[in-house]
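Engineer: Following this message is one structure expressed as structure tokens.
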Amino acid sequence: MTNELILRLIVAALLGGLIGLEREYREKAAGFRTNFLVALGAALFMIISVHGFEGALVSENHRLDVARVAAQVVSGIGFIGAGAIIFQKNTIKGLTTAACVWVTAAIGLACGAGLYSLAIVATLLVLLGLEAFNFFLKKIREKEREL
């Protein structure tokens, strides 16, 4: 079981790192290290939530709710993401960075729960969404130059 839990941490760190590399390449505030750590931490919290309290029950009348820790990860990451959002001169900056950190935490939670396929597909969709947006922005800028 320990090897499986270690694998969950490694996969989470790798997937978070992939998202972080894209953000680093785009020179955004939350790059490789941030996304790597968020995914790793979220996976660890999920593993602790599911497996860390085994044997803590003293009677069958009590039930552990493993979703409670995951819910707190979502709230905590939302708080961190809010700090990344800046309102300046009637424009909002950092919203995508905040969303990346938030979805990276979700990917980490999925890995921590052992939902590798879901985490991998989510990572690919994040990367696709970020790259597709940049592709369209590049096309728009090219058309503006032509005009």
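Engineer: Calculate how large, on average over all directions, the projected area of the Cα convex hull of segment 1-126 is; give the answer in nm² to one decimal.
Structural biologist: Its Cα hull, projected and averaged over all orientations, spans 8.8 nm².
Engineer: For segment 45-110, what is the relative contact order in percent, using Cα pairs closer than 8 Å and at least 6 residues apart in sequence?
Structural biologist: 30 percent
Engineer: Right, another one. Could you work out the percent of alpha carbon pairs in segment 69-147 separated by over 20 Å, rounded to a whole number?
Structural biologist: Result for the distance tail: 50 percent.
Engineer: Work out which helices of the chain, taken as complete DSSP H runs, extend at least 15 Å along their axis over the Cα atoms and score a mean Kyte-Doolittle of 1.0 or more, then list them. Please list the in-between numbers first.
Structural biologist: On the way: long enough: 2-25 (34 Å, 0.90); 32-51 (28 Å, 1.57); 67-84 (26 Å, 1.28); 95-112 (26 Å, 1.71); 116-146 (45 Å, 0.53).
Span-like helices here: 32-51, 67-84, 95-112.
Engineer: Mind telling me which of Ile19, Ile107, Ile86 comes out most flexible in a GNM of the chain, alpha-carbon contacts under 10 Å?
Structural biologist: Ile86
Engineer: How large is the translational diffusion coefficient of segment 1-65 in µm² per second when you combine the Kirkwood radius over alpha carbon pairs with Stokes-Einstein at 37 °C and 0.692 mPa s? Before the final figure, lay out the partial values.
Structural biologist: Numbers: Rh = 13.3 Å.
Roughly 247 µm²/s, to the nearest whole number.
Engineer: Would you work out what percent of the accessible area of the chain, with all protein chains in place, is carbon or sulfur (probe 1.4 Å)?
Structural biologist: 66 percent
Engineer: Grab the beta carbon distance between Trp102 and His62, set R0 = 25 Å, and tell me the FRET efficiency rounded to 0.05.
Structural biologist: Numbers: r = 32 Å, r/R0 = 1.27.
It comes out at approximately 0.20.
Engineer: Which whole-number value in Å² is the accessible area per residue of segment 35-111, probe 1.4 Å?
Structural biologist: Result: 64 Å² of accessible area for each residue.
The values are calculated or read from the model by the stated rules, or taken from the named source; none is laboratory data. Everything quoted here is computed from the prediction, not taken from an experiment. Here the Cβ is made from the backbone with ideal geometry for all residues, glycine too, and neighbour counts use every protein chain on show. Remember, those area values only see protein heavy atoms, side chains included, never the ligands or the DNA or RNA. Shrake-Rupley method; radii C 1.70, N 1.55, O 1.52, S 1.80 Å.
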